[in-house]
Every structure is written in C-alpha cells, then in structure tokens.
Amino acid sequence: MGNLSNKTMHILIVEDNNDQAHLMQLILQRHEQAFDVHHEVDAERALLRLQKDAVDAVVLDYSLPHMNGLELLAEIRKMHRPPAVVMVTGQGDERIAVEAMRMGAYDYLVKTRDLLDLLPRVLIRAVEEQRLSSQLLQTEQRYFALFEKAVVGIFILDAASLRFIQVNEMARTMTGYQQSDLLSQNFSRIVSGRFQEMLSGFFAKIRRDDYAALDHLLLVRADQSLLPVDISASLVSVAGTPVIQCFVRDISEKIKMQRQLLLSRQRLISLFDGISDPISVQDRDYNLVMGNKKYVQVNSLSQSKMLGEKCYKALFGRSEKCLDCPMRETLETGGTRFLEIYHQGRTFHIWTFPMTGIDGKPELVAEYVKDVTEQKEIERQLIKSEKLATIGLLSSGIAHELRNPLNVIETARYSIEDQLNHKYADLDQKLDIIKKNIRRASQIIENLLQFSKHSMYERERIDVEKLVDTTLSLLEKEIAVRNIQCEKKFENVSMAFFSLDSLKQVFLNIIYNAVQAMPNGGVLRISTRKQAEPNWIVMDFTDTGVGISNENLKHIFTPFFSTKQHSGGTGLGLYLSYSIVKREGGDVQVKSREGVGTTFTVKLPAVKASESLQPPVKY
C-alpha cells in the first residue's frame, strides 16, 4: 500500500454499542496505517472531544441516544475545519444514506460482515481526500484573497468579446460599479470616448504580442466622473479559454504629484531667473549645465549655446580657469568657498556652493557672481566720509578751544581801549577793527559748533529758514571768493518735521553744488513758500550758473554720476540728498537750462499738531 500516509490518523468512533466500537478499534489499530483511535458513546461527549482534540475522521453511528447521527453530522459540519465523516448504520436505509451524503458525509457503510474489512480503506481515502480538499480550499482562498484585496484594479475579460468575466474589489472601487453591473458589459463602456481608438490598438497589440501597456487612460466612473489610470494587460489561457487579465492603477495622485513637481520646478526657475546677479551650475569639468537669465545676458549667449561652455570662458573670456578658483575647493571639500576677482577694471565676488548627488558627494557646483564695483566705491566713499567726520569732530574741538584765546584777545583789546581812553583816534580805529574781527571769528566758531552738533532726536521741529542762514554762513568765504550774491525770499513758513542732521547735509550739498555751478560769479536765490496744503513746506534753490544738459539731467540723482570728476566730485552728494528727502517722505525736483541756470525744489513735511512736542531747534 504505497499510498499510505506516514502520518498518524486520528479517528473518533461515536458508537453506543461498546462491543461494536471495540471491534472497529482493534481492526484499525492492527492496520499498516497508524491510527490513533478514541471512542465516545453519545453525541454530547463526541462534540466535547472534537472541540478539544484534533481529529482527522469520525466513524459515526446513526442510532445514538438523545441525538441521531444525522443531527450530530449537522453539528460537525458547522465546525471551522470539520473532519471527514463516515456514517455507519445497522440497517441499509437508502434514505438515510442519501441524506448523509447530501449533508457532507464522505461515505455510508452498513454494519455487515464486510464492514471491518472496508472501514480502514474507507477511512484512509476519506482522510487523504479531506486533506487534499482542505489544501485546495486554502490555496483557492489564498489566491482569491490576493486577487480580491490587490491594491490595483484587476479586470478579467473574455479575449474575444472583451466582456467582463470577473473584477476585484479595487476594480469596483475605481469604477464605482457593482460586480453585477459590470459582468457581461464590454470594457470599452467604461473608457472615455476620446481614448477609444487608442484602446482598440491596445487590445490588438495584446492579441498580437500577448502583452501591452498604456501610460494614460481615462475611465468613466458610474457617476460620470473621469479617473486617470495606467493599464497593463496580458493574454492567458484558463481551462483552454483565452482571457485577458488587465491590471489598472489609479494615477490621479501621481498626476497631482507631477503637477506639484512641475509647479515647484517653475517656481524655482522663476526664483532662479529672478535673481539679479549671474548664477550658474557647473559639472566637475567646469562645463556649464545651466544659468539664470542674468548669466545669459551678461555673456550675450543663448541657453543652448551656453550649455557645455567652460565657466571661465563664458564669464571672463579666459582660456584657463581662474587662479585660486573656489569651485575646485568646493568639489574637494564639499564646503562653500569665496573669491574676489578683478576683471577689466571691475571687481567681482564669487561664491561656490556644492550640489550633492545620491552618494552625498558634490556632483555639481552652483556659482554665484556679484559685481561689487559700485559697492566697493561706496565703501571707499564711506571711509572718506568717516575721515571727514573725524576731521569735523577735530575741527569742532579746535573751534571750541579757539574761544579761549579769542576771549583773551578781546579782554586785552578792551583793557588797551580803556587805558587809552580814546586819546588817539587812529588807535581807536584799529582797536575797532580788532573788535569786529573777534566778533566775526566768534560767530564763525558758533556756527561751526552748532552745525557739527549731532541731534538727539530722530525727527524734530526745524526752522528751515534759520538752518539756511547757518549753512550760508559756513560757505561765506567760498561765496565771497566766487563773487556770488545771495538773495533770500522767506515767507516765515512753519516748522519742518525732519531729521536735523540729515537736513543739514541736504542743504549743504544743494547750496555747495549751486556755488560750484557759478565759477565766474552769479546770483543764488533761496526762497521758501507756503503750500496750499498746510502739511508741506516748499523751498527753491536757484542759481544762475552753467546749467545742466538734458542728457545729464536724467542722471542727476544717479549714484557716482558726476560732471566734476576733474575737480574731485564723487557723484554722491545729490544722490544722498535725494535719498534722504525721499526717505523722510519729501521730494526733490530739478529744472535746468544750459547757460541759464538750475533750480532745485525741495518739498519737506511740515510739523503736525501731534509732532509739536519738542522745542524748535536753535542755531
């Protein structure tokens, strides 16, 4: 018996006749197949044992107390993994046999002389078939679970008609249809009309090559909404019948992610191109991979022509890489590097930043280039301004110290005048000259001290007409030497609300600029007038100088623009004056005619009621 199982078969005999049960137990224990046999005399005990012990087969007598064999069979079949059941009866009742087989019994035996010979063979077959059936059921359940719970939609189609044979849960979820609604329908019914021609070609390819795939397809769901999917399918044979199995994936999230990535890329490109300094990306061989719009403009190249060009050739026209190139250090160390370079009279700052690959090592390098020529010039001018400020501070100290000897001189003059008691007219005239010049020197010192004095307020009430007078007194010598007449027309305007230190610089720059515009003398007219609106003060500074050409007038407030480079002009005075006034909410306008003169109009905010807290500045 080569087909005997190596495993012990666990048998439960349910028989109220102990002698009959003992005979069956002896026959089974003497058989070549190993049997582990247990006996119970009624259904209640049998059920308790079945709940407790693993049993492969049950030999079940029909005639049992309290519950017959069919009733016990019905309870056994309710178990999660029921054992095989062989029904045994003392009389051959065909009705009982049919009912037992219908209820799931493996076989039906009558208690005859052949029972003991047949029982072992029947039990062996019953247990083996039960095991095979159980394995087959598990396999079916496993594959059905894989099919039904798959994360992609699976559609099984008839290869000839393309009608649905079976669909899984995900397919039903994706389409919004129940299985009964889909079965016998054609696959094309759930595909958008504009994809029908593509779908026909798809199935034709499957029939020809046994496989095909589509990256994008629109399914029409039950609610008529569209669902983007990709699909792959193959032609297989099931029991000799050709079918097409389609695997469909919902790509709506993928499309959404692609759109987000595209949007992010567009934003990054916009940011990249929006930077006003040249930025480029280079590979390890200094070849340009990409550059922003400014980089393309600086090099007068198109994107396509720029790609692959050496960075040092594109930006600086060099045939070899720059000395101490920071990119090389960035590639070696993976850190940010900086270099200052001089090219064709201009100063450039270059920063390089690593762009790492998957291995974490620098794969590309981003290079940021900034033209700092103007910034360097500003720094030089600031250094000069700081020096001038230091000189001004020193001058203020000297002026303060000059008061003492002037007081001594005035005291000595007064003593001489008192002792002579006006006896000598010529000496009185000379002493009077000394007195006038002492007063003039004292006034100059007082103006210098007041003008150099730093205000403690950010903004304060300022008498602009007095500030103009103070500024003119500082330039009195320059004005006299150039033979310039000053005409003032003040309307006793209200106080301005401004930064005192800033307004000093504005007036000094504008008046000094007017004085320089009249090297051969002329007239400087300064007027103040009330604006129709009470919140503004308007001041005009008009000179009869050389004037400004229309071409230069457009650049008059541009930093470093100057027509007086030969005389040391920096091009910052008017630019700073314009910036200061605009920053404080005012305005500066200019009109000029060559050979006639120039007028600067300054508009300043007047003091409001809420700003009248500090006392007006005294000069």
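The values are calculated or read from the model by the stated rules, or taken from the named source; none is laboratory data. The shown structure was predicted, so the numbers you read here are calculated from the model rather than taken from an experiment. Neighbour counts run over all protein chains shown; Cβ positions are idealised from the backbone, glycine included.
On the basis of being in the same structural domain as Val37 (by TED's automatic domain parsing), touching a residue at least 12 places away in the same chain (Cβ under 8 Å), in a loop (DSSP other than H, G, I, E, B) and under 22 Å from Val14 (Cβ atoms), does Gln91 make the cut?
Yes, satisfied.
Out of the range 207-227, which residues are crowded, with 17+ Cβ neighbours inside 10 Å and within 17 Å of Ser192 (Cα to Cα)?
Residues satisfying the conditions are Leu214, Leu217, Leu219, Val220, Leu227.
Given the residues Phe203, Phe187, which is the only one that is hydrophobic (A, V, I, L, M, F, W, C) and in contact with a Cys (Cβ under 8 Å, 6 or more places away or on another chain)?
So the residue among Phe203, Phe187 that is hydrophobic (A, V, I, L, M, F, W, C) and in contact with a Cys (Cβ under 8 Å, 6 or more places away or on another chain) is Phe187.
In this structure, does Leu12 turn out to be in a helix (DSSP H, G or I), of a type in the set (A, V, I, L, M) and touching a helix residue (DSSP H, G or I) at 6+ places or on another chain (Cβ under 8 Å)?
Spelling it out, it is not the case that Leu12 is in a helix (DSSP H, G or I), of a type in the set (A, V, I, L, M) and touching a helix residue (DSSP H, G or I) at 6+ places or on another chain (Cβ under 8 Å).
Could you list, in sequence order, the residues of the range 593-609 that are out of contact with any Gly (no Cβ under 8 Å at 6 or more places or on another chain) and within 13 Å of Ile511 (Cα to Cα)?
Answer for the range 593-609, where residues must be out of contact with any Gly (no Cβ under 8 Å at 6 or more places or on another chain) and within 13 Å of Ile511 (Cα to Cα): Thr599, Phe600, Thr601.
Looking at Gln51, Gln29 in this structure, which one is without any contact (Cβ under 8 Å) to a residue 60 or more places away in the chain, closer than 17 Å to Leu73 by Cα and exposed (fewer than 14 other Cβ atoms within 10 Å of the Cβ)?
Gln51
Val41 passes all but one of (1) closer than 30 Å to Asn6 by Cβ; (2) touching a residue at least 12 places away in the same chain (Cβ under 8 Å); (3) not acidic (Asp, Glu); which number fails?
Here Val41 meets the rest and fails (1).
May I ask you to list the residues in the range 26-42 that are acidic (Asp, Glu) and in a loop (DSSP other than H, G, I, E, B)?
Residues satisfying the conditions are Glu32, Asp42.
For residues in the range 524-547 being over 18 Å from Val607 (Cβ atoms) and touching an Asp or Glu at 6+ places or on another chain (Cβ under 6 Å), which is surrounded by the most Cβ atoms within 10 Å (Cβ to Cβ)?
If we take residues in the range 524-547 being over 18 Å from Val607 (Cβ atoms) and touching an Asp or Glu at 6+ places or on another chain (Cβ under 6 Å), then Leu524 is surrounded by the most Cβ atoms within 10 Å (Cβ to Cβ).
The conditions are (1) modelled with pLDDT of 85 or more; (2) surrounded by 13 or more Cβ atoms within 10 Å (Cβ to Cβ); (3) not charged (D, E, K, R), and Gly569 fails exactly one of them. Which is it?
All conditions pass for Gly569, except number (1).
Just to be sure, is Leu576 on the phi < 0 side of the Ramachandran plot, at pLDDT 85 or above and crowded, with 16+ Cβ neighbours inside 10 Å?
Here the answer is no, as Leu576 does not meet what is asked.
Could you please find all residues in the range 171-198 being within 16 Å of Asp250 (Cβ to Cβ) and either in a strand (DSSP E or B) or touching a residue at least 40 places away in the same chain (Cβ under 8 Å) (or both)?
Hits for the range 171-198 are Ala171, Met174, Thr175, Gly176, Tyr177, Val191.
Any chance you could count how many residues in the range 490-514 are of a type in the set (Val, Ile, Thr) and in contact with a strand residue (DSSP E or B) (Cβ under 6 Å, 6 or more places away or on another chain)?
2
Specify which of the listed residues (His80, His39) is modelled with pLDDT under 90 and not small (Gly, Ala, Ser).
Checking each option against the conditions leaves just His80.
Residues that are outside the structural domain of Pro354 (by TED's automatic domain parsing) and at pLDDT 80 or above, at least 3 per element: which strands (runs of 3 or more DSSP E) completely within the range 232-332 meet that?
Result: 241-250.
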